[in-house]
Amino acid sequence: MIPLSRIATLLATTLAFAPPLQAAGGGIDGFSASASTVYVGDTVDFWVQFNVSTSSWSSGGSNPDEPAPAEGYQDWNVNWYSWEHETLRSVWLQAGDQGFNDTPAASPGSGYSSGWSFSITFAQAGSYDIGVTGGWEAELSTGYSNESASRNCYYTDPDYSTDLACDAWYWQYSDYNDTYSISGSLSAGPLNVQVLAVPEPATWALWLAGAGLLGWRARPRT
């Protein structure tokens, strides 16, 4: 039977070598429009720039030197290794009824940036707030392995001074790995576009007449 103190030590060792999760991250770098004030029937072009970064790391070590006997329970961490690799799988964006999907070929631990352009033709006058929403999805592979041993050493002589005996090493092997999906969100905006009604022909004629009159008055007199 393994004593409770040994179980606690094994649990602590396992947690110590568990990989720290580092989720990918991303954001919108820029969102712009070709115009902020237009007339009904005009088209406005929009541009979106985004980036997503992933992590990739591994670490490990070994301690091949057996520790010298010491009274009580002894733990010996012999070999340990842990890793985490994130691979970006997809990015999507949405603006109104228009959508964008990207499936990047990005390696783990790299940054990926790209852009999306779209256009909107405004059929009615009004004030419009155009925003962008979306997100990304990555595949995360993570794991660790650990080889450790423990034993109990105790004095056999009545004076507890010279005869130190140790049990045989009790070996413990811990291995863990998993692959699953993680995701995050992207958003930008809104950008406001003011859409004005197209003036009636009579209004255009009045404006032109007014402009002509101003031009006539401004001409040099001889």
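Every number in this text was worked out from the coordinates using simple rules, so none of it is lab data. Since the structure is predicted, the reported quantities are computational estimates derived from the model, not experimental observations. Every residue, glycine among them, receives a Cβ derived from its backbone with ideal geometry; neighbour counts consider all protein chains shown.
At what distance in nm do the modelled label points of W47 and E66 sit from each other, each positioned 7 Å from its Cα along Cα→Cβ?
With each label placed 7 Å out from Cα toward Cβ, I get 6.9 nm.
For every other residue with a beta carbon closer than 12 angstrom to the beta carbon of W136, add +1 if it is Lys or Arg and -1 if Asp or Glu, then tell me the sum.
Local charge sum for W136: -3.
Evaluate the Kirkwood expression for the hydrodynamic radius of the range 140-203, namely the inverse of the mean inverse distance over all pairs of different C-alpha atoms, and round to one decimal in Å.
20.2 Å
Check each of the GluC sites (Glu not before Pro) in the range 20-123 and keep only those in coil by DSSP with at most 16 other C-beta atoms within 10 angstrom; list them in order.
E71
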